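Undergrad: I'd like to ask you about the structure that follows.
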């Protein structure tokens, strides 16, 4: 049976994969600082028979591992970075390992390993069957900065692929036809003239006034953009004291939309707001573009296939202890009682495959960049309690527990089975490619990060 060897290979190494996910969870590293994660993952891949390269694409913590030869070339996207400030023990109450330290609040320790396990399973399937095919695992830094994969793509990654599979932990087991927004990230740095705010205010030119006027302009701009557009910001530098006219001030913006070209136009209009604020305050503005990513482009051929494979793959069996742990976490959420009343309620931990979703989502992921280079899909499986907020200490807690491990391994099995079916059936690959060509209209991917924007380096 197609996929049998892949599933057997994954099962035989399950303890090894679980241990690796836990090892990453114990040493979380933030975006572009994933030095240890990259190193230990490279060693594991070598043990599993992959040829491994690190430090590619001008990125010290990027990784590419390969097994097999010939077509199709099937890619698996792992992610490396943790989130700042989300340190947490495996506990049902908020209890940091170290206050203020990073933690796996998006489950990227699992996200590193699920695609890796699937890549190993497919490689073993191809070896056992004698079929041609190349398996490529990418270890991707800085998804949380939403620039890791675009930087990799700018350096030449992913263009070798026929198909790409990504996985993410979630509260549910589901694939989607829906789209996640693309994003631009930029900081606006204003420079004015300092003065004593009480004695000689007329001599000052406030950079903070410029920031606030830019924000007013941006808030009026919201009235004249499409409904899918999101504009949000934080003031990162607002001055030192009320009695000093601030010479320097900065604001950091995210702009999101479901269409990349429209997003670029809204970003252009936001720059006009900044320039207008600078004119009004006689200050100067410098735009620091940090990067951007594409909206997702879920391939329907792959969505249908993975949904079928999820239904064919054994779901996790939750123990009474795991269900009690999840319930205790859920009770910490104010939405818990309302969630239990919903017809969509699937228990403290989801144990069913949801119907294919069609709704758009207004968060973002740089997986979208890969999905505009080749046909791709992002799969989600239940890896934390059913009402866990995204990017929370509850996710960190589950990501370090058997709950996270079971969800990770289920996801690995489902995408390995789907990839094995693609490798065994050229018609599936051809259909996915035909849909991709139609969806993109033949327009090639253009990296949203200009060549002169440098890749951030690990902090020492």
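Undergrad: Take the conditions surrounded by fewer than 23 Cβ atoms within 10 Å (Cβ to Cβ), touching a strand residue (DSSP E or B) at 6+ places or on another chain (Cβ under 6 Å), at pLDDT 95 or above and in a loop (DSSP other than H, G, I, E, B) and apply them to residue 87. Does it pass?
TA: Numbers: surrounded by fewer than 23 Cβ atoms within 10 Å (Cβ to Cβ): yes; touching a strand residue (DSSP E or B) at 6+ places or on another chain (Cβ under 6 Å): yes; at pLDDT 95 or above: yes; in a loop (DSSP other than H, G, I, E, B): yes.
Yes, satisfied.
Undergrad: Still on this structure, I have one more. Do the conditions hold for residue 317, that is, is it on the phi < 0 side of the Ramachandran plot and assigned by TED's automatic domain parsing to the domain that holds residue 432?
TA: Yes; evaluated as a whole, the condition is true for this residue.
Undergrad: I need the full set of residues from the range 114-136 which are in contact (Cβ under 8 Å) with a residue 12 or more places away in the chain and in a loop (DSSP other than H, G, I, E, B), in order please.
TA: 131, 132
Undergrad: Do you know which residues across the range 10-29 are assigned to a loop (DSSP other than H, G, I, E, B) and within 15 Å of residue 88 (Cα to Cα)? Steps first, please.
TA: From the range 10-29, those assigned to a loop (DSSP other than H, G, I, E, B) are 13, 27-29; that's our starting set.
Within the range 10-29, 27, 28, 29 qualify.
Undergrad: A follow-up question, please. Restricting to the range 59-78, give me the number of residues that are farther than 23 Å from residue 10 by Cβ and either surrounded by 21 or more Cβ atoms within 10 Å (Cβ to Cβ) or at pLDDT below 95 (or both).
TA: 3
Undergrad: Another question, if that's okay. Is there a residue in the range 433-442 that is crowded, with 24+ Cβ neighbours inside 10 Å and over 23 Å from the mean Cα position of the chain (by Cα)?
TA: Among the residues of the range 433-442, not one is crowded, with 24+ Cβ neighbours inside 10 Å and over 23 Å from the mean Cα position of the chain (by Cα), which makes the answer no.
Undergrad: What do you reckon, is residue 6 over 25 Å from the mean Cα position of the chain (by Cα) and either at pLDDT 95 or above or not assigned by TED's automatic domain parsing to the domain that holds residue 309 (or both)? So that I can check it myself, show each step before the final result.
TA: Values: over 25 Å from the mean Cα position of the chain (by Cα): yes; either at pLDDT 95 or above or not assigned by TED's automatic domain parsing to the domain that holds residue 309 (or both): yes.
Considered against the rule, which asks whether it is over 25 Å from the mean Cα position of the chain (by Cα) and either at pLDDT 95 or above or not assigned by TED's automatic domain parsing to the domain that holds residue 309 (or both), residue 6 comes out as yes.
Undergrad: Here's a follow-up. Can you say whether residue 172 is modelled with pLDDT of 95 or more and touching a strand residue (DSSP E or B) at 6+ places or on another chain (Cβ under 6 Å), as far as the supplied structure shows?
TA: Taking the combined requirement at face value, the residue satisfies it.
Yes/no matrix, rows are residues, columns are (1) closer than 19 Å to residue 108 by Cα; (2) touching a strand residue (DSSP E or B) at 6+ places or on another chain (Cβ under 8 Å):
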site: 385; (1), (2): yes, no
site: 394; (1), (2): yes, no
site: 409; (1), (2): yes, no
site: 412; (1), (2): yes, yes
site: 444; (1), (2): no, no
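Undergrad: Then there's this: Somewhere in the range 178-197, is a residue surrounded by fewer than 17 Cβ atoms within 10 Å (Cβ to Cβ) and under 30 Å from residue 435 (Cβ atoms)?
TA: Yes, the conditions are met somewhere in the range 178-197.
Undergrad: Hey, among 94, 98, which residue is surrounded by fewer than 18 Cβ atoms within 10 Å (Cβ to Cβ), in contact with a helix residue (DSSP H, G or I) (Cβ under 7 Å, 6 or more places away or on another chain) and over 25 Å from residue 150 (Cβ atoms)?
TA: Values: 98 fails: in contact with a helix residue (DSSP H, G or I) (Cβ under 7 Å, 6 or more places away or on another chain).
From the options 94, 98, the qualifying one is 94.
Undergrad: Next question, about the same structure. When you go through 7, 44, 16 one by one, which is the residue that is under 23 Å from residue 423 (Cα atoms), surrounded by 14 or more Cβ atoms within 10 Å (Cβ to Cβ) and in contact (Cβ under 8 Å) with a residue 24 or more places away in the chain?
TA: Of 7, 44, 16, the one residue that is under 23 Å from residue 423 (Cα atoms), surrounded by 14 or more Cβ atoms within 10 Å (Cβ to Cβ) and in contact (Cβ under 8 Å) with a residue 24 or more places away in the chain is 7.
Undergrad: Suppose the filter is assigned by TED's automatic domain parsing to the domain that holds residue 26, over 30 Å from residue 394 (Cβ atoms) and buried (at least 16 other Cβ atoms within 10 Å of the Cβ); does residue 133 pass it?
TA: Details: assigned by TED's automatic domain parsing to the domain that holds residue 26: yes; over 30 Å from residue 394 (Cβ atoms): yes; buried (at least 16 other Cβ atoms within 10 Å of the Cβ): yes.
Considered against the rule, which asks whether it is assigned by TED's automatic domain parsing to the domain that holds residue 26, over 30 Å from residue 394 (Cβ atoms) and buried (at least 16 other Cβ atoms within 10 Å of the Cβ), residue 133 comes out as yes.
Undergrad: List the number of the failed condition for residue 423; all other conditions in (1) surrounded by 24 or more Cβ atoms within 10 Å (Cβ to Cβ); (2) within 21 Å of the chain's Cα centre (by Cα) hold.
TA: Going through the list (1) surrounded by 24 or more Cβ atoms within 10 Å (Cβ to Cβ); (2) within 21 Å of the chain's Cα centre (by Cα), residue 423 breaks only (2).
Undergrad: Could you grab me the full set of residues in the range 146-161 that are touching a strand residue (DSSP E or B) at 6+ places or on another chain (Cβ under 7 Å) and either surrounded by fewer than 22 Cβ atoms within 10 Å (Cβ to Cβ) or on the phi > 0 side of the Ramachandran plot (or both)?
TA: 146, 158, 160 - these are the residues of the range 146-161 that are touching a strand residue (DSSP E or B) at 6+ places or on another chain (Cβ under 7 Å) and either surrounded by fewer than 22 Cβ atoms within 10 Å (Cβ to Cβ) or on the phi > 0 side of the Ramachandran plot (or both).
The values are calculated or read from the model by the stated rules, or taken from the named source; none is laboratory data. Treat the numbers as computed from the prediction; the structure is a model and nothing was measured. Because the Cβ atoms are built from the backbone with ideal geometry, glycine has one as well, and the counts that use them run over all protein chains shown.
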